[in-house]
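Structure record follows, encoded as structure tokens.
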Amino acid sequence: MKISRELEEKDRCETPEDYWKIERDYWNYVENQVDPIVRVEYAADLNVKKFGSGFGIKGQKVADHRAKPYVEHPWNLANICSQADSLMQFPRIRDISGINVPWLYVGMKYSTFCWHYEDLMLYSINYNHWGKPKLWYGVPEDNREKFEKAAKQKNFLLFKKDPNILLDINTMIDPYYLK
């Protein structure tokens, strides 16, 4: 947490331009491996039944009073699969982590999740509970083939070695390259 506070103090974000500068700096680090070296801590795929959720979950102690009204709310990600009109009501026979049991992610500035297809090609729902705004990139289904073509051009050797690389989570591409 000390590292996160130091980065936050160094890069105060008060205007949209401040955030765009951070994004440009980030992609410069990724694409060109320029200094300074930045240490980033990130936790992914934490099962909310074990680690809790920013929304709160029935039967778990709610650590933050702001979450209490959402414990039983239908849009609580832990409750979506139990809604009558939800497609996700059908795999209720057992818990499928990341499908009908949400995952929790904890990150700091520059924490990253690579370009990838979602599990089972399903849609993804994400929610930023607290902290600074988060920047998401997404590709609409009707642009999927264009995205794949650009990704293959950018990472030719990786795709040659593994044609299904976008099913894994290890591909980084500056979105400005994709334009």
Boolean, N28 is polar (S, T, N, Q) and in a loop (DSSP other than H, G, I, E, B)
no
State all residues of the range 109-134 that are more than 12 Å from the chain's Cα centre (by Cα) and not hydroxyl-bearing (S, T, Y); if no residue qualifies, say none.
K109, D119, L120, M121, L122, H129, W130, G131, K132, P133
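Among N76, N32, which is the only one that is outside the structural domain of I173 (by TED's automatic domain parsing), modelled with pLDDT of 85 or more, of a type in the set (S, T, N, Q) and under 18 Å from the mean Cα position of the chain (by Cα)? Lay out the reasoning, then the answer.
Working: N32 fails: under 18 Å from the mean Cα position of the chain (by Cα).
Step by step, each of N76, N32 is checked, and only N76 is outside the structural domain of I173 (by TED's automatic domain parsing), modelled with pLDDT of 85 or more, of a type in the set (S, T, N, Q) and under 18 Å from the mean Cα position of the chain (by Cα).
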Please go through the range 113-133 and give me each residue that is in a loop (DSSP other than H, G, I, E, B) and either touching a residue at least 24 places away in the same chain (Cβ under 8 Å) or more than 24 Å from M88 (Cβ to Cβ) (or both), ordered by number.
F113, C114, H116, Y117, I125, Y127, H129, W130, G131, K132, P133
Output for the range 93-112, where each listed residue is modelled with pLDDT of 85 or more, closer than 15 Å to D45 by Cα and assigned to a loop (DSSP other than H, G, I, E, B)
P102, S111, T112
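Can you tell which of N164, N155, N126 is surrounded by fewer than 14 Cβ atoms within 10 Å (Cβ to Cβ), modelled with pLDDT of 85 or more and not assigned by TED's automatic domain parsing to the domain that holds C13?
So the residue among N164, N155, N126 that is surrounded by fewer than 14 Cβ atoms within 10 Å (Cβ to Cβ), modelled with pLDDT of 85 or more and not assigned by TED's automatic domain parsing to the domain that holds C13 is N164.
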Failed condition for G52, given (1) surrounded by 15 or more Cβ atoms within 10 Å (Cβ to Cβ); (2) closer than 30 Å to E14 by Cα
(2)
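For every residue, the table says whether it meets (1) without any contact (Cβ under 8 Å) to a residue 60 or more places away in the chain; (2) on the phi > 0 side of the Ramachandran plot.
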residue	(1), (2)
V40	no, no
V48	yes, no
G52	yes, yes
K58	yes, no
V71	yes, no
Q83	yes, no
Q89	yes, no
R94	yes, no
Could you say whether any residue in the range 73-83 is surrounded by 12 or more Cβ atoms within 10 Å (Cβ to Cβ), of a type outside the set (A, V, I, L, M, F, W, C), touching a Phe, Trp or Tyr at 6+ places or on another chain (Cβ under 7 Å) and assigned to a helix (DSSP H, G or I)?
no
Hey, among Y176, Y137, which residue is under 12 Å from the mean Cα position of the chain (by Cα) and of a type outside the set (K, R)?
Y137
For the range 33-57, which residues satisfy the criterion of being farther than 10 Å from A78 by Cβ and charged (D, E, K, R)?
D35, R39, E41, D45, K50
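The values are calculated or read from the model by the stated rules, or taken from the named source; none is laboratory data. Every value quoted in this text rests on a predicted model; they were computed, and no experiment measured them. A quick note on method: Cβ atoms are made from the backbone with ideal geometry, for glycine too, and the neighbour counts reach across all protein chains shown.
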